[in-house]
Structure formats: structure tokens, C-alpha cells
Amino acid sequence: MLWKTIKLGVAATGGAAILGGALFGSDLASFVGSSFHCVSSAVKENIPVEFQIRRARDLLEATAPEMQKNIRLIAEEEVDIASLRGDITQANQSLAAEKVRLQTLRDDLGTSQSTFTIGDFTYTRPQLTQELAQRFTGYKEATNSLQQKQQLLENRQQALAAANQAMQIASDQRAGLQSEIDGLEAHYRLIQATAVGTDVQVDNTKLAQAEKVVGDVRRQLSISEHMLAEEAKFAHAVPADATNEKDLLTQVDAYLPSQPPTAVTDASGTDNSPQRR
């Protein structure tokens with residue numbers, strides 16, 4: 001059954017290729033390439049920006065373990081280089097001391113003595129010659145070993161400097177990418193906030209109606225203030241049919257006979273008040 005399915009798939013693919021070749025001829029490859037490019041572009045355009053930012057951040061975070069691993073390797077190399085530098089220092093001191101001994105043996109053999117006493121030991125001339133030969137061979141080997149260590153130290157120091165430089169570049173690049181991703185995310189959030197703001201709609205008709213009502217209320221209050229002002233202005237005005245002062249006083253005198261009459265002077269200056277008897 002499986003082989004039958006595979007054969008059908010191969011046959012369908014072959015048939016599609018033959019049909020495409022018959023329709024497009026030599027341009028089939030370009031049509032296929034263009035179609036793939038269009039599909040790929042469409043897929044990329046439909047990927048949410050937030051997802052792409054998250055993917056970039058994940059990729060950046062995935063470099064953290066490798067950075068830590070490289071930092072550890074650099075630290076281990078620095079420790080090994082420090083140890084190698086200590087070995088070289090100790091080898092230089094040993095070679096300096098051995099050089100003094102070689103010079104002493106060489107000076108002894110420069111004399112005509114047949115025996116030599118060095119410390120608690122006595123050497124014949126052949127024995128001292130053999131001792132000098134052995135020490136000189138060892139000195140040359142130690143010198144070659146020291147030179148190799150010095151060359152190794154120089155090479156490892158250069159490699160460490162290159163590793164530190166590469167790590168610094170990677171660290172700066174990582175920090176730059178981190179900052180750029182943060183900036184892109186902030187920009188995306190700003191665009192989102194702006195897009196949300198554009199969806200806000202205000203009913204201007206109701207605002208206009210409210211403004212008209214406020215205007216009407218303001219007008220009514222203004223009219224009321226003017227009416228109060230006018231009423232206050234005419235509240236104490238002299239009536240048009242004012243009472244005659246002379247008649248009023250005569251009426252009062254008649255109503256109050258026990259009170260002494262009050263002199264009333266008319267317009268001509270004549271005193272018309274009643275005389276007391």
C-alpha cells in the first residue's frame with residue numbers, strides 16, 4: 001500500500017512537471033522561482049511584527065550560553081598563561097644559577113690541577129671534565145626548552161588577545177542588537193497605541209446639542225440678571241400721581257386735633273396755618 005502511494009505521488013509530480021514544461025517551456029524554472037518568491041514574501045508579510053520581535057529576542061538570548069562558554073575558556077586560558085609565565089620565570093632563574101656553575105667548572109679546568117675539591121667531593125680532571133660535559137648538555141637542553149616555552153607563551157598571548165577582541169566585538173554587537181530590539185519593540189508599542197487612538201470616535205452632534213443647551217441657559221441667566229437690575233432701579237421711583245403735600249397735612253391735622261397745627265406755607269410764601277386762640 002505504501003509503495004502504491006509513493007508511486008502515485010511520483011506519477012503526479014512527474015505529470016505536473018510535464019504539463020508545466022508543455023505550457024511554459026524553458027520559462028518553467030523562472031515561473032517556479034517567481035511563484036516561490038511571491039509565496040515566501042506573502043508568508044513573511046503575514047507574520048505578526050510582535051512575533052518577529054519575540055523571535056529576534058529569543059535568538060539573541062540563545063547566544064548567552066555560548067558567550068558564557070567562551071568567557072570560561074578565556075578565563076581558563078588566562079590561568080594557564082599565568083602558570084606558563086611562572087614556569088618561564090623559574091626556568092630563567094635555574095638557567096642563571098646553572099650558568100654560574102658551568103662557569104666555575106670551566107674556570108677550574110682552565111688551571112693545571114689534576115684534582116679538584118668542590119664541596120665535600122673531590123674530582124679528578126677527567127671526572128670534572130665529564131661533569132662539565134653533562135651539565136653543559138643539560139644547560140643547552142634547558143635553554144631550548146625555555147625558548148620553546150617563551151614561543152608558546154607568545155603564541156598563547158596573541159591567541160588570547162584575539163579571543164578577547166572577538167569577545168568584545170561580539171559583546172558590543174550583542175548589546176547593540178539588544179538596544180535595537182528594545183527600540184523596535186517600543187516603536188511597535190507606540191504604533192499600537194496610536195492605532196488604538198485612531199479608533200476612538202466622539203459624537204460631535206451631541207456635543208453641539210449640549211453646547212446649545214449651555215448657551216440657552218447662559219442667555220436665560222443673563223435675562224434674569226437684567227430683569228433684577230431693572231426692578232431694583234424702579235423700586236423707589238416717585239409715583240406719577242404723587243399726593244399733594246398741603247392736602248395730606250390738612251388731613252393729618254384733622255385726624256389728629258390734639259396736636260398743635262403745623263404751619264403750612266404755600267407757594268406764595270403766605271403762612272396758612274390756623275392761629276391759636
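The values are calculated or read from the model by the stated rules, or taken from the named source; none is laboratory data. What you are looking at is a predicted structure, and each value in this text was computed from that prediction instead of being measured. We place every Cβ from the backbone using ideal geometry, glycine too, and count neighbours over all the protein chains shown.
Residues in segment 31-67 that are modelled with pLDDT of 80 or more and loosely packed, with under 10 Cβ neighbours inside 10 Å: P48, F51, D58, A62, P65. I'd like to check something: does segment 138-156 contain any residue that is touching a residue at least 24 places away in the same chain (Cβ under 8 Å) and within 41 Å of the chain's Cα centre (by Cα)? For segment 138-156, residues touching a residue at least 24 places away in the same chain (Cβ under 8 Å) and within 41 Å of the chain's Cα centre (by Cα): present. All of Q147, Q93 fail the test of being within 30 Å of N70 (Cα to Cα), modelled with pLDDT of 95 or more, in a helix (DSSP H, G or I) and not hydrophobic (A, V, I, L, M, F, W, C), apart from Q147. Candidates in segment 146-163 are the residues that are surrounded by 14 or more Cβ atoms within 10 Å (Cβ to Cβ) and of a type in the set (S, T, N, Q); of these, the one that is nearest to E98 (Cα to Cα) is Q150.
Among the residues of segment 173-195, some residue qualifies, meaning at least one is farther than 30 Å from I71 by Cα, assigned to a helix (DSSP H, G or I) and modelled with pLDDT under 75. Residue count for segment 102-127 under the criterion of being surrounded by 12 or more Cβ atoms within 10 Å (Cβ to Cβ), over 30 Å from D87 (Cα atoms) and not polar (S, T, N, Q): the result is 5. Can you tell me how many residues in segment 75-98 are surrounded by 12 or more Cβ atoms within 10 Å (Cβ to Cβ) and over 60 Å from the mean Cα position of the chain (by Cα)? So the answer is 1.
Among all positions in segment 120-141, there is at least one residue which is part of a helix (DSSP H, G or I), among the acidic types (D, E) and over 30 Å from V49 (Cα atoms).
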